Amino acid sequence: MEWGLGAAPSQVARSNQTVVTEFVLQGFSEHPELWLPLLGCFSFLYTVALMGNAVIIAVVSYSASLRSPMYFFLCNLATMDIICTSSVLPKVLAGLASEKNTISFPGCMAQLFFLLWSLSSELLLLTVMAYDRYEAICHPLHYGSKMSPLLCRSLALSVWVVCALNASVHTGLMMRLSFCGSNIVTHFFCEIPPLLLLSCSPTLMNSIMTVLADAFYGVINFLLTLASYCCIIASILRMRSASGRQRAFSTCSSHLLVVSVYYSAVFCAYISPASSYGPERSKVSGVLYTTLSPTLNPIIYSLRNTEVKRALKRLILLSRR
């Protein structure tokens, strides 16, 4: 199979310079012998991610026993997982299966928007879910009044709106840049660092906004999540009953595992100086947070949560009738 990296970039003359109108996604072209295993692997992971998160949404929506705030936020997380994988993997699969892996400028900006929207929303949702577990374990008597349905809906809506605005700002700043010369994106999707490397315009404002977003979504949210779990663990250790400690830990162990996997990938990809950007490392971390994490999330919550497994069994039995 030929990967098409030698194809001439589509450009149009303007003001004595050439302006890029489409990008070539490098993808995994440096390993052409792996195109078939990669195609099969990404196809499998995408299918599992779609089916798994769709099942989570269906189970939570149709099960009366899963009406607590934790499952409401889990349903929102599953929705964002679907948006995240669907904004990246269809183009990855098309690139692996074709000779020319190109994406138009508008298509690249659309992919960037939906990817930033879903990724930032997941980080905020994980923080909100950590706060929900904090209230459930540390203040169980007041949990019902504090985490009211109105508050939960308001928190979820705020996450969607704030993160959509964040994605709009970054995408708008990217659209203001001029791209000339090389149009090869050293990644398998449109991401801020490799796109900035191709710009022939000043990128100071983009860099500033990226650092601010990294500080808020990466550092501050991580510290809030860490503080919530420090309080949760301290509260669990103060419990006298061993069964009570085990039951309390089981309600947050799935979320803690998801947080650990997700933040590991995000820190590897984004919380580093721009000068240290490396295509290979970025591709590996990109696979983790755009493909592996959305695939594992529904599996983790399904296998480690007794209530979800019971609701899933009931839903399967009803579908067979």
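The values are calculated or read from the model by the stated rules, or taken from the named source; none is laboratory data. On a predicted model such as this, the values are computed, not experimentally measured, just so you know. Positions of Cβ are backbone-derived with ideal geometry, glycine not excepted, and every protein chain shown enters the neighbour counts. Keep in mind that these areas ignore ligands, DNA and RNA; they rest on the heavy atoms of the full protein, side chains included. Shrake-Rupley method; radii C 1.70, N 1.55, O 1.52, S 1.80 Å.
Below are the figures for this structure:
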item: Farthest positive-ward along the chain dipole, Cα basis, beta-carbon charges - from Ser293, Asn206, Ser241; result: Ser241
item: For segment 134-142, 3J(HN,Hα) per residue [Karplus equation, 6.51 cos²θ - 1.76 cosθ + 1.60, θ = phi - 60°, Hz, x = Gly/Pro]; result: 4, 5, 5, 9, 8, 10, x, 5, 10
item: Pairs of Lys in the chain closer than 29 Å at Cα, counting only those 8 or more apart or on different chains; result: 4
item: Dipole magnitude of the chain, debye to nearest 20 (Cβ charges: Lys/Arg +1, Asp/Glu -1, about Cα centre); result: 1540
item: Heavy-atom accessible surface of the chain: percent carbon and sulfur, 1.4 Å; result: 68
item: Within segment 102-239: Cβ-based charge dipole about Cα centre, in debye rounded to nearest 20 (Lys, Arg +1; Asp, Glu -1); result: 220
item: Descending semi-axes in whole angstrom, ellipsoid equivalent of the chain, from the Cα gyration tensor; result: 39, 23, 17
item: Surface accessible to a 1.4 Å probe, per residue, for the residues of segment 166-321, Å²; result: 51
item: Per-residue HN-Hα couplings for segment 243-259 [Karplus 6.51, -1.76, 1.60; θ = phi - 60°; Hz; x = Gly/Pro]; result: 5, x, 5, 5, 5, 5, 5, 5, 6, 10, 5, 4, 5, 5, 5, 4, 4
item: Between segment 37-82 and segment 218-247, the alpha-carbon center distance in angstrom; result: 25
item: The chain - percent relative contact order, Cα under 8 Å, separation 6 or more; result: 26
item: Beta bridges per DSSP with both ends in the chain, % antiparallel, nearest 5; result: 80
item: Interchain or long-range residues, amide H under 5 Å from Ile184's placed H; result: Val24
item: Probe 1.4 Å, protein heavy atoms only - accessible area per residue of segment 79-154 in square angstrom; result: 37
item: More than 15 Å apart - percent of Cα-Cα pairs taken over segment 74-151; result: 67
